[in-house]
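A short write-up of the structure that comes next.
Every read-out reported here was derived from the displayed coordinates using simple, explicitly stated rules and does not represent laboratory data. Fair warning: this is a prediction, and the values are worked out from it, not measured in the lab. Here Cβ is always computed from backbone atoms with ideal geometry, including for glycine, and neighbour counts include all displayed protein chains.
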Amino acid sequence: MNLNNIKEKFLNFIINIKYIRLLNVLLSTLIPGVVIIILLNAYIGTYYKMDLMPNKKGLFPAIILLVLLIILKFLIRSRIKESYRPNRITRIVHGNRWIALILLLVLVFSFYTMYKFSWNIAKDAFLHYVYLHSLFFDGDLHFSNNYEPMGGPSFFLVHETGYWMNPFSIGSSVFWFPFFLTGHFYAKMVGIPADGYAEFPYIFSLNLGGLLLAWFGLVLLTSVLQRYFKDNIALISALVIWYATPLTFYTNQQPFFSHALSFFFVTFFLFNFFRVYERSTMPRWMILGISTGMMMLVRPQNIIFAIIPIIFLVKLYFQKNDDEKAPNRADVFKCGSLYVLFTLATFLPQMIIWQIMYGSPFTIPQGKTFMEWGNPKILKILFSTNHGLFTWTPILLLAFMGLFIFIIKDKLVGISMLTAFLLMVYVNSVPNDWWGGNALGARRFSSSLPVLAIGLAALFTIMLRKRILKVLTALIVIAALLWNFALISIYTDKTIPHSGEIDYSYFLGSTFTRAGRIIGDIPHNIAAAAFVLTNKNASFRCYNVKLQKPETVIRTGTVNPYLRNGWSEIREDPGLGKKVRIAVRNIASINLYNDTEHVPLKIKVRLFPLGNTETVLFLFNSIEIETAKLKPGWQTITLSIDESLIQTGINLFRMDSFADITEEIEPIRDSSIGEWLEIEYIKIITKN
């Protein structure tokens, strides 16, 4: 029996159920219910990536249940025509129910990824957030009192106006505000300090907002591509942009940067441009002006994309008068004036901010020397191993080539898109930090991805016309996905440096090696998922490991499945002559899975205090076991764990490092600088 027969029998069975409409209503109730449970679990059930509540499976089973419910609902509603009413997402993607289903599943799994990784915020992102924090809590733009609790700004410069300088725009704070407000009210309700600094719920809410807006950008991008290309090509191209470029990192793992928002607002701008392109009316030009101002608020350099409607306006204005479809020139002038007016009106908050802070409504906050207009580094920004666009994301080179193919399909739009992209290449190549800091790839091109998606779809359209090229296209897509996931992996574990030129052979070798490991780990990950579902209180992070008898030795210098959050990559200790790891985030945590009888444990830790570390607090399942004053040099600390603290399933052993002991020492919630531990091994002895 093939898959189609199974599917047909299942659908026939569902349709023959007497109370089919009741089932449909039930699913409509269950799906939001599961979503609410997931969100509540994210807010209440787990704090700091499940470190403080180890006896939790996390969202994995709930995510699987949600996926199954969504698929079942779409199967029913797509099969029973009379009971089917297209939802909003389905209408946006031109009525295609299956595209809507796939995009919903992307959102579900993206949330799960964000839930695992995005509970903090990088220093650069704090500079975006400080506008919101200062205006909301202080009612001013004086950031000196806000910077310190956030870990300090990237630089300490005070403008002649007396305001602390901030190189970033206010747009992220504007569009984060509804999500921030949700977190703020939640903090007040449950008694969390409502100061705007806590990773939970404030930072988590901002991350959630970035992800949701970026995902909606994916929906709009799919809709834009459907205007020119078949549904399958539109969906594949959009998903390749989502998963095979740095965008997936800046939406799923680090949505607190402005790049997720920039991707959404540029896509929103293109969506509105094509509505104007389809039918030029004054209300549509107003909306396009608002969307242009929005994308500029997030990243002012996005003004470059305004060249697209401007070229269209020029074309409309100079159309021959004998063209029946040509609009009146006066109307074109009115539309253009409205477009500029609404763009400036939407961008007005940023101009006011600049006027207050720098004394001018138009400025470059980084300073006059930041943009080296006469010294573009075009080849470097495209091909350098220091975050070059095509070096780090080769699939985008094909997308760029596809823009020339798209010109054949629509000359005006194609030339406009190509011009906008080339201008963006120039603008991104002239800053004195053209590589974009410690980025994953060329993150400043995130706003250009919707344009490049059009080129990619045009190329795929040509390639999918012949059977042999279909196979090549599939191989290219798979290779692009593997390449990107491998790069993310070696970037996050610091196998490659986060900035600076990298030797090409090392860069390629590291990426290919990690891609091979990803392929080889597929059976292992499937087994780990099955382990979670079949073992009580298991965690996906325990990787099928259990405490051994009579002892379990965890050597940090190996690829060890017991290690969890807070560890550096493997490094050589010259004095010790062995490979070790460092607790770089001050919170070194270890999974211990127990599925047998509860017996007392003895834990021996071999460690070396680094930086300012003088004290370490040991915790077992969030219970403080011992606070130890450390001596200089290597030392072994022995701990006794009572059997009453041991639980069936995952047990979490943590080491929190401090500069000095205080009278009321508490487990660390946020990382600080200077307190690190170098760990050689942890030995767990089972005492019968």
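How would you rank VAL451, VAL553, going from fewest to most other Cβ atoms within 10 Å of each one's own Cβ?
Ordered by Cβ neighbours within 10 Å, fewest first: VAL553, VAL451.
By the scheme Lys and Arg +1, Asp and Glu -1, what is the net charge of all other residues having a beta-carbon under 15 Å from that of THR636?
Details: positive: ARG555, LYS578, LYS602, LYS604, ARG606, LYS629, LYS631, LYS683; negative: GLU551, GLU626, GLU678, GLU680.
Overall, the nearby charge balance is +4.
What does the charge count around HIS259 come to, taking other residues whose C-beta lies under 9 Å from its C-beta (Lys +1, Arg +1, Asp -1, Glu -1)?
Values: positive: ARG299, ARG443, ARG444; negative: none.
Net of charged neighbours comes to +3.
Report the relative contact order of the range 239-332, percent, no decimals, based on alpha-carbon pairs under 8 angstrom and at least 6 residues apart.
Values: 56 pairs, mean separation 17.4, N = 94.
Reported relative contact order: 19 percent.
Can you pull the Kirkwood radius for the range 388-501, inverse mean 1/r over Cα pairs, to one decimal in Å?
Kirkwood hydrodynamic radius for the range 388-501: 15.4 Å.
If I model a spin label as a point 7 Å beyond the Cα along the Cα-Cβ vector, how far apart are those points for SER622 and ARG91 in nm?
Computed distance between label sites SER622 and ARG91 equals 4.4 nm.
Write out the trypsin sites (Lys or Arg not before Pro) in the range 329-393 meeting two conditions: DSSP loop, and at most 13 other Cβ atoms within 10 Å of their Cβ.
Within the range 329-393, the qualifying trypsin sites (Lys or Arg not before Pro) (loop, at most 13 other Cβ atoms within 10 Å) are LYS368.
What Kirkwood hydrodynamic radius do you get for the range 329-387 when you take the inverse of the mean 1/r over all pairs of distinct Cα atoms, in Å?
Hydrodynamic radius (Kirkwood, Cα only) of the range 329-387 equals 14.9 Å.
Convert each backbone phi in the range 443-452 into a coupling constant with the Karplus relation 6.51 cos²θ - 1.76 cosθ + 1.60 (shift: θ = phi - 60°), then list the ³J(HN,Hα) values in order as whole Hz, x for Gly and Pro.
For the range 443-452, the Karplus curve yields 5, 5, 8, 4, 6, 8, 4, x, 5, 5 Hz.
Once you keep just the Cα pairs under 8 angstrom separated by 6 or more residues, what percentage relative contact order results for the range 102-238?
26 percent
Considering only C-alpha atoms, what is the centroid distance from the range 349-408 to the range 432-481, in Å?
For the range 349-408 versus the range 432-481, the Cα centre distance is 18 Å.
Which pairs break 23 Å Cα to Cα here: LYS579/LYS629; LYS315/LYS411; LYS494/LYS578; LYS377/LYS409?
LYS579/LYS629; LYS377/LYS409
List TRP285, TRP98, TRP434, TRP373 from most exposed to least, where exposure is judged by having the fewest other Cβ atoms within 10 Å. Intermediate results must be reported in sequence, preceding the final value.
On the way: TRP285 25, TRP98 14, TRP434 21, TRP373 8.
By the 10 Å Cβ count, ascending: TRP373, TRP98, TRP434, TRP285.
Semi-axes of the equivalent ellipsoid of the range 144-236: what are they in whole Å, largest first, if each equals the square root of 5 times a C-alpha gyration tensor eigenvalue?
35, 21, 10
Where does each of SER172, SER291, SER622 land when they are ranked from fewest to most other beta-carbon atoms within 10 angstrom?
Final ranking by Cβ density, sparse to dense: SER622, SER291, SER172.
Near the amide H of ASN612, under 5 Å away, which other amide H atoms are found, from residues 5 or more places off or on another chain, if H is placed in the peptide plane?
GLU675, TRP676
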